[in-house]
Amino acid sequence: MSPEQSGRAGRAWPIVLIVVILALTTCCVAIMNRRSAEAGVETSADADWPMVLLQHLAFFVMVGLFAWHQRRVLVFLIKLAGCNWVIGSEIMLLLAIVYGAFGGFGVPELFWDDSTMTVGVAGFSAMLFLELAWCAIYLADYSRPTRSQHRRLEWNRLEPFVVVSGLPRLLRMPTQNVSPLWQLGWFLAIACLPGLFLLALPAFLPAVRPSSDPRVVEWTWLAGLILGVMVPPILLVTRPISFFVRQLRKGFGKPMAPDRSGAVFHPRVLLWLLGSVYVAALIADRFQPKWVVPAALLCLLLAMIAVAVAYFLSFRSRTAQVWTALLVLTTILLNGIQTYDTCYRGLAPYYPPDPLHRLIRLPSPFSSSDSNTPVKLVDYQEKKDVNRAGREAAVQKRTAILDAWKNSVGRQTGPGDPASARPILVAIAAAGGGLRAGVWTAAVLDAIGNAVPEFPKHVRYVTGASGGMVGAALFVTSRLRAPAAGGLPGTPPAVGGLANRLSNDYLSSITRQYMLRDLPFAIFPWR
């Protein structure tokens, strides 16, 4: 360690100042929230704008101090992430989501949910992905063909940045003559430190945190981050993969392989790690499904992409890279071919076989027709000469339904001549937007139905798309259940009941089904 590096490592006053600013800001927020709670005043961003301004100011000051203290390390990491731009983009995407990016789609709420269990698991998953991403970058650089580009992460180049970060002086651990395993550990420490700092700040600053929960400090988020930080040292010390391989060889009676510490730097270790995480997710989904939250599955998806990119870059043969890329593209194209279609009852014999059956004669349970000539159902209907009669019958049926509705509603008394008044016809058009649109549509229609009891009788048309249509359908069916149960027609449910019924967690089961069951079999076109 040179004197210049030793002096730089000793200047830790920015870190101390960051801790002081963070402690004072958190105490001020806690005191103000306690006073507001004692006074019975609901806190809001508009009413507490001085505290919001204080938190944002403290945030920028702390980030600036940290960036100044770690400026050499940050420049090194930014250049390294730029050379591995796919994995670097994933890291930036995760940090952006944690700070509120894609809020219109509700993505940040996956991490900052009201449930403390969800917040803790999300923090653990975010930190684990951050470490796995930097480990993938390190192993990709370690396995990079030396004939095309020299390694950037050789220890003689990496050690100065480790020393400058101040961690060796803080932990009182040497950086000279360390094993390759500890070199990887030091790299993960300095690479994950900025990400850990940025992930931890929102837990102390409610104004920065994209969450509606009034908790001053998200302790479960911090606990998840701490557990995530502890994983790499445990894995580096225990080396469970090597232990598992030795036990397998011992069980099959094969000679024990020599203990090679350098084997941990092979890119296939990433596949072992990712497979272990995936198996752990499957086990948790089997026994504790609540632990497998959408935020954790999102981090798992990002980890899959990072591992795939690192493994692809580790190929030393250009030919292997080209053939692998062609194989992946072919698999994606085959996966994009739809192997099924909507089939109307009674018209199945007129449907063509699925595209894969026609293309490569692959048997599929989705189509039973042997004809290779697609049949246009519109032409089939015209040949049967049923168009005109069908349209006339449909018009007559709709007219009869409209007359029955008019008779049930009756004439309405309005301004002017009462005899000329027409019944009020209500048409509902609900916009799409997933579960949020469904909850909003159900809440609005429920409020109107409670305020105007005659409103459901005048609804004649309900149209829309996606989640809005689901909310409208829930409103209609809730009004039709009352007569069947012996109540009066149009009897509304409890106020707010529809929105509460529709606002349950439907996303977790869908994401678990997709990530843990559908995605592994997505490469098979006959799935």
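The values are calculated or read from the model by the stated rules, or taken from the named source; none is laboratory data. Here the structure is a predicted model, which is why all the values come from computation and not from measurement. Neighbour counts are summed over all protein chains in view; Cβ atoms, including those assigned to glycine, are modelled from backbone coordinates with ideal geometry.
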Count of segment 393-407 residues which are at pLDDT 85 or above and touching a strand residue (DSSP E or B) at 6+ places or on another chain (Cβ under 8 Å): 0
Which one of Trp221, Trp182 is modelled with pLDDT of 90 or more and in contact with a Leu (Cβ under 9 Å, 6 or more places away or on another chain)? Trp221
Number of the exception - Ala281 against (1) part of a loop (DSSP other than H, G, I, E, B); (2) modelled with pLDDT of 80 or more: (1)
Residue pairs meeting the criteria (Cβ under 6 Å; at least 6 apart or on separate chains; first part of a helix (DSSP H, G or I), in segment 208-234; second of a type in the set (Phe, Trp, Tyr)): Gly224/Phe124; Leu227/Phe124; Gly228/Phe124
Could you say whether any residue in segment 431-444 is over 29 Å from Gly106 (Cα atoms), at pLDDT below 90 and not assigned by TED's automatic domain parsing to the domain that holds Glu109? no
Out of all the residues in segment 82-103, is one or more assigned by TED's automatic domain parsing to the domain that holds Leu205, modelled with pLDDT under 90 and buried (at least 21 other Cβ atoms within 10 Å of the Cβ)? yes
Residue count, segment 166-196, condition in a helix (DSSP H, G or I) and over 15 Å from Phe129 (Cα atoms), comes to 14
Pairs only if they're at least six apart or on different chains, beta carbon under 6 angstrom, first in segment 43-55 and within 13 Å of Pro214 (Cα to Cα), second modelled with pLDDT of 60 or more and assigned to a helix (DSSP H, G or I); list them, first residue then second. Thr43/Ser36; Ala45/Val52
Residue check for Pro233: at pLDDT below 75 and within 30 Å of Leu22 (Cβ to Cβ): no
Gly103 - would you say it is among the small types (Gly, Ala, Ser), within 24 Å of Lys290 (Cα to Cα) and touching a Pro at 6+ places or on another chain (Cβ under 8 Å)? yes
